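The values are calculated or read from the model by the stated rules, or taken from the named source; none is laboratory data. This one's a predicted model, so the numbers in the text were calculated from it and none came from an experiment. Cβ: placed from backbone, ideal geometry, glycine included. Neighbour counts: every protein chain shown. Just so you know, the surface numbers come from the protein's heavy atoms only, side chains and all, with ligands and any DNA or RNA stripped out. Shrake-Rupley method; radii C 1.70, N 1.55, O 1.52, S 1.80 Å.
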Number of protein chains: 2
Amino acid sequence: MSALSILFFQLHKVDTVFMQTSLLQHPNILQTKQKLKLTAARLVNNHVNLAVTGLSGSGKTAFITSLVNQLIEANEAAHLPFFSVVRESRLIGVKRDIQPNLSFSRFAYEEAMAKLTQTSPEWPASTKGISQVRLKIKYKKSKGLSKYLTEDATLTLDITDYPGEWLLDLPLLDMDYAQWSKHCQGELSDPIRHDLATPFFNAVANLDLNARGDELALQKASELYTQYLIDCQSNGYQLLQPGRFILPGELSGAPVLHFFPITDLQLEQQGIDLNKPLKDSNAELLCRRFKHYKTEVVQPFYKDHFKGFDRQVVLVDCLSALNRGFHSYQDLQKALDWLMGSFQYGSSNILNRLFQPKIDKLVFAASKADHITPEQQTNLVKLLESMLHSVRKQIQFDGVSTESTAVSAIRASKSGLCQQNGESIPVLQGRNEQGAAITLFPGEVPQSCPGPEFWKQQKFEFPKLSPPPDEYTTCSASYQNGSSTRFFTRG
Amino acid sequence: MSALSILFFQLHKVDTVFMQTSLLQHPNILQTKQKLKLTAARLVNNHVNLAVTGLSGSGKTAFITSLVNQLIEANEAAHLPFFSVVRESRLIGVKRDIQPNLSFSRFAYEEAMAKLTQTSPEWPASTKGISQVRLKIKYKKSKGLSKYLTEDATLTLDITDYPGEWLLDLPLLDMDYAQWSKHCQGELSDPIRHDLATPFFNAVANLDLNARGDELALQKASELYTQYLIDCQSNGYQLLQPGRFILPGELSGAPVLHFFPITDLQLEQQGIDLNKPLKDSNAELLCRRFKHYKTEVVQPFYKDHFKGFDRQVVLVDCLSALNRGFHSYQDLQKALDWLMGSFQYGSSNILNRLFQPKIDKLVFAASKADHITPEQQTNLVKLLESMLHSVRKQIQFDGVSTESTAVSAIRASKSGLCQQNGESIPVLQGRNEQGAAITLFPGEVPQSCPGPEFWKQQKFEFPKLSPPPDEYTTCSASYQNGSSTRFFTRG
């Protein structure tokens, strides 16, 4: 699916939902009364609040840049096959408008475009916090809907980009410090993680948890825990908590980030009950800071922003995880389980209970689909679906429409066929990280994660490509599960 | 005055206020009933909330580091002459305690001490936002107060360090965008400032203020305005507004910082009434952002934190301003006028009206008093007082005790006498910025700012000194207006 077709869904829905009454016929119609009201309000307002997230490196900036660019530049139907408004020549114009939230960074579209279109194109710089862009999309209403054929309509599209790491913090809201510590112990039992945590373990080994709170000791141990998280990240792990430890922003150096998990063994040896820690002891301080982190750092994001989103795109870089190996892939799987937990709309779900978000459409998209040959893209979508399988069922049951797909925000390759020993082999042409032209068959994408045996013998080596030179910039490799492959080339 | 004696004032007051009833006998006693209640509560709690501020480069970090160090290391009465608790051997111990605000940075005392005591000592890194340190000071009560001679008391001292630039933003709360623009025009009429603002002026010259809001154009112009402020700073100006433009923190790139002043001429030429700008025009956007900056950036600091402070130290680096020349000195004077406006406690004062702060003691301290010879320090205090003269009267009238003094947080020089042509000349010994030993007479400090004629002929060249090698680290050059000079050397 192109970046556009996700929007297509938005527009299409806004435009035609009165005819396609699938939402209205949903079996949970009574339970979703409130949601329908909201949807109706949004239809009237023609306002879509699209949130884009994904773990670090998943391609959020490239995705939004491409989406904005294709909309602003959309003038030929051929480039936007999924976008009925364009196909039917109903698009009048798209322009960036004044963003609603003055305290979010302005999405750096112009800077990203400059990097992508310079003589030696580079990928845009990744964002470190929230940013936003508002587009006004003016189009003619389709016949079915409008009373007057010539009537124009405007869709306001707010796109908000935020770090996926923040979503990983959501489940913390349902935990106390003791539960979180236990959870982290599970993580730390992974041999590679355990190894990376050695300096941290050494620092906390001699910490007297019953002693009067020692701010400096806790700070130093938390810095080692942060370093452990950073080392995990460079070793291919993505389930990294607490999320703000890696991107602290203005909280850098603040005690609210000076906590870390402690082991059952330590609690036992020192005779500590985390429900009744000694007043002002190190143990109580850790509990207090964990709580403060939840209420003052995690909650505000959801309370202030998350509940405003209608549609959510989660970008997932499956290919890089495969490249990094089994542990990385398994970790990504775990991180996705956590992420998807945020979108479970059961009544017991914390997000729903606390913040009543109104997201009714959730798209999981495997990014960098242009880094493999077209015939492998069905597999990529299947691979992503296999990762999402367990949690997805519940989301669907609760009336949130979900979809998994593969996207290539900015197509960095051309696909073709190569003759070898009389056989046609699908290949990609692109530029490697150094900018040199390469032609290669990147390999097959598995439909699900291979078992441990496979990894002892083999590994994946999907290429890292530079952004394309101008002649094929801002094109979309586009593929949707089950449909045929299409490529759209511009210029 | 040493850093300590400011605290001495705190302790002394807590300890002896019942005997020294000056506060209770104040003529405005009816009006200050509320304040007295607060003071009483603080006496009972033995809790002092000391805020330390000053414009960039005034020496806040060194000051707090020295204060904390001297308290923690205080074990010989000789080093702490102003500190009655120590002089009378009543101090039992001081230690750093758990800081109350988890979201403020922990004041980096250990890092600062490490820098000051390394083989080639360096000044500690300056802080970019708020930081905090809490000390618990345990001492024996003096005979006059305690029922039992052996009774111990504990004073909790919270020290909060924040950028003086944030205080410069306070007067904005009383202005609308039109008034602020007019104020900035005044600033920009200074020839040097005007020159530095050329790129900014060029960018706004062609901006159609009635045209529909162009976010990117406003962003670009605001970036040039920020650059102008940065250039002003490196040219010795300190009245730089809005304060967050230079230290944006997490607001970097956010539209709330994308505004700038416009000139009357432009308003006139384009026929704009800022009370009634066209909806969604550039002019309206500028008004809206200025308002948002006031309510979402400036106000929260005062609302959340400022009103908690009891005592305020404002550090002023008069010597560097003299070094930089007349324009810099005049600008510092203006900046101080603005700063002091924050502390005017008249009923019409915005700070008082909105936030009801309880600051009852305000100390203005000329920093780096060790960079001049001892006999010049009376002049330094007089110079500072001449800067503060106009606004200070009003503060005193409103029952806030103010004091001006000179401090040397970390004494970087030794003073002595040098024989030249049979005359004794006072000199300093220290190390220059490159770490080489120097002996010099830094010059005379004027008692007030010399007139423009003086500056055409002469200039000031007070030295820049490196922190001292270990043998005289963390000593205080100490001087108080009117009293005799004393130096205290440790180790």
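Being outside the structural domain of residue B:329 (by TED's automatic domain parsing), touching a Leu at 6+ places or on another chain (Cβ under 9 Å) and closer than 20 Å to residue A:132 by Cα: is that true of residue B:199 here?
Details: outside the structural domain of residue B:329 (by TED's automatic domain parsing): yes; touching a Leu at 6+ places or on another chain (Cβ under 9 Å): yes; closer than 20 Å to residue A:132 by Cα: no.
No.
Can you confirm whether residue B:324 is modelled with pLDDT under 80 and open to solvent by 10 Å² or more (accessible area, probe 1.4 Å)?
So residue B:324 does not fit the description; no.
In the stretch B:205-225, how many residues are part of a loop (DSSP other than H, G, I, E, B) and within 11 Å of another protein chain (Cβ to nearest Cβ)?
Total meeting the criteria: 2.
State all residues of the stretch A:205-226 that are over 20 Å from residue B:110 (Cα atoms) and in contact with a Leu (Cβ under 9 Å, 6 or more places away or on another chain); if no residue qualifies, say none.
A:209, A:210, A:211
So, residue B:229, is that one at pLDDT 90 or above, part of a loop (DSSP other than H, G, I, E, B) and away from every other protein chain (no Cβ under 14 Å) or not?
Working: at pLDDT 90 or above: yes; part of a loop (DSSP other than H, G, I, E, B): no; away from every other protein chain (no Cβ under 14 Å): yes.
Here the answer is no, as residue B:229 does not meet what is asked.
Scan B:157, B:170, B:188 and give me the residue that is buried (at least 22 other Cβ atoms within 10 Å of the Cβ) and not assigned by TED's automatic domain parsing to the domain that holds residue B:59.
Just one listed residue meets the conditions, B:170.
Which one of the conditions (1) more than 13 Å from chain A (Cβ to nearest Cβ); (2) farther than 14 Å from residue B:50 by Cβ; (3) modelled with pLDDT of 75 or more does residue B:64 fail to meet, given that it meets all the rest?
Among (1) more than 13 Å from chain A (Cβ to nearest Cβ); (2) farther than 14 Å from residue B:50 by Cβ; (3) modelled with pLDDT of 75 or more, the lone unmet condition for residue B:64 is (2).
Confirm whether residue A:239 is touching a strand residue (DSSP E or B) at 6+ places or on another chain (Cβ under 7 Å) and outside the structural domain of residue A:63 (by TED's automatic domain parsing).
Taking the combined requirement at face value, the residue does not satisfy it.
In the stretch A:191-201, how many residues are in contact (Cβ under 8 Å) with a residue 12 or more places away in the chain and open to solvent by 30 Å² or more (accessible area, probe 1.4 Å)?
Of the residues in the stretch A:191-201, 3 are in contact (Cβ under 8 Å) with a residue 12 or more places away in the chain and open to solvent by 30 Å² or more (accessible area, probe 1.4 Å).
If residue B:311 meets every condition in (1) closer than 30 Å to residue A:161 by Cα; (2) at pLDDT below 95; (3) basic (Lys, Arg) apart from one, which number is that one?
(1)
Of all residues in the stretch B:259-279 being without any contact (Cβ under 8 Å) to a residue 40 or more places away in the chain and of a type in the set (D, E, K, R), which is least open to solvent (accessible area, probe 1.4 Å)?
Only one residue tops the list, namely B:273.
I'd like to know if the stretch B:370-382 contains one or more residues that are modelled with pLDDT under 80 and open to solvent by 50 Å² or more (accessible area, probe 1.4 Å).
No, the stretch B:370-382 contains no residue that is modelled with pLDDT under 80 and open to solvent by 50 Å² or more (accessible area, probe 1.4 Å).
Going through the stretch A:93-113 one residue at a time, which ones are among the basic types (Lys, Arg) and more than 8 Å from every other protein chain (Cβ to nearest Cβ)?
Answer for the stretch A:93-113, where residues must be among the basic types (Lys, Arg) and more than 8 Å from every other protein chain (Cβ to nearest Cβ): just A:95.
Report, by residue number, each residue of the stretch A:173-183 that is surrounded by 20 or more Cβ atoms within 10 Å (Cβ to Cβ) and among the polar types (S, T, N, Q).
A:181
Looking only at the stretch B:238-269, which residues are under 18 Å from residue B:192 (Cα atoms) and touching a Ser or Thr at 6+ places or on another chain (Cβ under 7 Å)?
Within the stretch B:238-269, B:261 is the sole residue that qualifies.
State all residues of the stretch A:400-424 that are under 27 Å from residue A:120 (Cβ atoms) and among the aliphatic types (A, V, I, L, M); if no residue qualifies, say none. Full working, then the answer.
Narrowing the stretch A:400-424 to residues under 27 Å from residue A:120 (Cβ atoms): A:407-416, A:418.
Matches in the stretch A:400-424: A:407, A:409, A:410, A:412.
For the stretch B:247-289, which positions are part of a loop (DSSP other than H, G, I, E, B) and within 14 Å of chain A (Cβ to nearest Cβ)?
Within the stretch B:247-289, B:247, B:248, B:252, B:253, B:254, B:258, B:259, B:277, B:278, B:279, B:280 qualify.
Working only within the stretch B:407-451, note down all residues that are outside any strand (DSSP E or B), under 23 Å from residue B:112 (Cα atoms) and not hydrophobic (A, V, I, L, M, F, W, C).
As a first pass, look at the stretch B:407-451 and keep what is outside any strand (DSSP E or B): B:409-412, B:421-422, B:433-436, B:441-451.
If we keep only those that are under 23 Å from residue B:112 (Cα atoms) too, we end up with B:409-412, B:433-436.
Across the stretch B:407-451, the qualifying residues are B:411, B:433, B:434, B:435.
Limited to the stretch B:114-129, what total is found for residues that are more than 9 Å from chain A (Cβ to nearest Cβ) and open to solvent by less than 30 Å² (accessible area, probe 1.4 Å)?
Total satisfying the criteria: 3.
Does residue B:299 qualify as being part of a helix (DSSP H, G or I) and outside the structural domain of residue B:49 (by TED's automatic domain parsing)?
In short, yes.
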